Amino acid sequence: LGDHIGASTVWRVLKDQGIDPAPGRTDVTWTQFLRSQAAIACDFASVDTALMRRYYLLFFIDITTREVFFAGITTNPTGPWTSQAARNLFLRHPTRFANSRALVRDRGSQFVDTFDEIFRTEGLNILKTPVANTFAERWIGTLRRELLDRTIIWNEQQLEQLGAGYIDRD
């Protein structure tokens, strides 16, 4: 027809007529979908020390159970380092992710094709989030509030001990 109207106008007209959104569109939320897929999420938490050194803590979180797995700490999260950390994760927990179907991660440059291939080999699909990985970001916020905001971190050894201890406590 050539007439241009705003989305809010369409929404108001449909609402006034008692027409709900498209059926089935709001039945399953993104969170419910990922939990049903037995997905795991991963990300880096950056931690600054008292000596002005930045470390990156790589972790994985099982979205279904909320169980967190410590994967390592580095000052430079490169693609090869991250890929090796993923290999080590499967060596330490060989059957833990057998029921998982997907890995949720952001589009960070440290997550290279080799990293993705490790998970594909284990039968997981790779789901790249457009902006931030909300599951991982929520856990990072908890880590900061419960541990990092209350502790002065001096070096990598202290961070590894505290971080691994905090994760094992959960």
**OP:** Please identify which residues in the stretch 58-73 have an amide N closer than 17 Å to a label point set 7 Å out from the Cα of Glu156, following the Cα→Cβ vector.
**Re:** 58-59, 71-73
Original post:
In the full protein assembly as shown, how much of Trp81 is accessible to a 1.4 Å probe, in Å² to the nearest 10?
Top reply: 70 Å²
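Work out how much length Ala98 to Arg66 would gain on full extension: take 0.36 nm times their residue separation and subtract the Cα-Cα distance, in nm to one decimal.
Values: separation 32, 0.36 × 32 = 11.52 nm, distance 1.60 nm.
Gain in length upon complete extension: 9.9 nm.
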**OP:** Please give the length that would be gained between Asn76 and Thr142 if that part of the chain were fully extended, namely 0.36 nm times their separation in residues minus their C-alpha to C-alpha distance (nm, one decimal).
**Re:** 21.4 nm
Original post:
Here are several values of percent of Cα pairs over 24 Å apart: [x] 55; [y] 37; [z] 46. Which one was derived from the coordinates shown?
Top reply: [z]
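How charged is the neighbourhood of Asp48? Take every other residue with its Cβ under 14 Å from the Cβ of Asp48, and add Lys/Arg as +1 and Asp/Glu as -1.
Details: positive: Arg53, Arg54, Arg144; negative: Asp149, Glu156.
For residues surrounding Asp48, the net value is +1.
With a 1.4 Å probe and all protein chains left in place, how much accessible area per residue does the stretch 32-170 have, in Å²?
Details: 7360 Å² over 139 residues.
It amounts to 53 Å² per residue over the stretch 32-170.
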Original post:
What percent do you get for the relative contact order of the chain when only Cα pairs under 8 Å and 6+ apart count?
Top reply: 22 percent
**OP:** With a 1.4 Å probe and every protein chain left in place, tell me how much accessible area Val131 has, in Å² to the nearest 10.
**Re:** 130 Å²
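Probe radius 1.4 Å, ligands and nucleic acids left out: which of Lys15, Lys128 has the largest accessible area, and how do the rest follow? Walk me through the intermediate numbers first.
Numbers: Lys15 125, Lys128 95 Å².
From most accessible down to least: Lys15, Lys128.
The values are calculated or read from the model by the stated rules, or taken from the named source; none is laboratory data. All figures in this text were calculated on a predicted structure; none of them were measured in a lab. When we count neighbours, we look across all protein chains shown, and the Cβ atoms used for this are built from the backbone with ideal geometry, even at glycine. Just the protein is used for accessible areas: all its heavy atoms, side chains included, with ligands, DNA and RNA removed. Shrake-Rupley method; radii C 1.70, N 1.55, O 1.52, S 1.80 Å.
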